[in-house]
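Shown next, in structure tokens, is the structure this report addresses.
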Amino acid sequence: MVRTGFRFFLDAQPDITVVAEAADGETAVRLAREMRPDVCLLDIRMPKLDGLEATRLLAGPGVADPLRVVVVTTFDLDEYVYGALHGGACGFLLKDAGPTLLAEAVRAAAVGDSLVSPSVTVRLLKHVTAERAGTEAAPGAEAPRPQEQLTDRELDVVRLVALGHTNAEIAASMFVSLSTVKTHLGSIQLKLAARNRVEIAAWAWRTGHAGERA
């Protein structure tokens, strides 16, 4: 019933078309590999193969040509959020986030952006920081040094990414174009050797660059 509801709502959007659906994780992975959709929407708990493993198979570190995955779940558990995003997902939503946020997450993923339910964003990043450091997250905690120094503008982008802002929100906040934000993000990823914006945000929290500017 939930899957049908999601399909009806997303298909009703003028810019979104649902090309396939699956009742279990194994079928979802097979169809995704065959059809190469712009975005894959996965639940955490699915028969045969759970959403975390399906995400790793479609978008994980070892995947040569990863797909864009958004995970939607009823279960607001840190280990699910952590596992999904570090398995390669570019979005994580709770089912009670509402249909509008669901469509926004699909659109964000389609253009290489990411969206995490506001209720878990900051908690997630603090959790990632603490988990990696092995202690409570704190500004100045040891973190990999950038291969090249980040510019002030790049640090502004890093701060906004860490606070959960989308590319469009960052562009509006900094009064620059969307393409400029994407250029900054590309440079930041190279300098930090980060695979995605989640790793950028985690670096920001570990190094004290995630707070609001005075």
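The values are calculated or read from the model by the stated rules, or taken from the named source; none is laboratory data. Only a predicted model underlies this, so the values are computations on that prediction, with no experimental measurement involved. Ideal geometry is used to build each Cβ from the backbone, glycine not excepted, and the neighbour counts take in all protein chains shown. Surface accessibility is based on the protein's heavy atoms, side chains included, excluding ligands, DNA and RNA. Shrake-Rupley method; radii C 1.70, N 1.55, O 1.52, S 1.80 Å.
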Sorting K191, K48, K182, K95 on solvent-accessible surface, 1.4 Å probe, most exposed first, gives K48, K182, K95, K191
Quantify, in whole percent, the carbon and sulfur part of the accessible surface of the range 1-82 (1.4 Å probe; protein heavy atoms only).
54
Judged on accessible area alone, 1.4 Å probe, highest first, F6, F175, F92 line up as F175, F6, F92
Set the Förster distance to 25 Å, then compute FRET efficiency between V111 and E148 from the Cβ-Cβ distance, nearest 0.05.
0.40
In the range 53-67, whose amide N lies under 17 Å from the spot 7 Å out along Cα-to-Cβ of R3? List them in ranges.
53-55
Largest first, what is the accessible-area ranking of V161, V63 with a 1.4 Å probe?
V63, V161
Net length gained if the chain between T74 and L190 were fully extended (0.36 nm per residue, minus Cα distance):
38.3 nm
Using a 10 Å cut-off on Cβ atoms, rank the peptides 102-114, 147-159 from the highest mean neighbour count down.
102-114, 147-159
Karplus-derived 3J(HN,Hα), 6.51/-1.76/1.60, for each residue of the range 182-192, Hz, glycine and proline x
5, 5, 4, 4, x, 5, 4, 4, 5, 5, 8
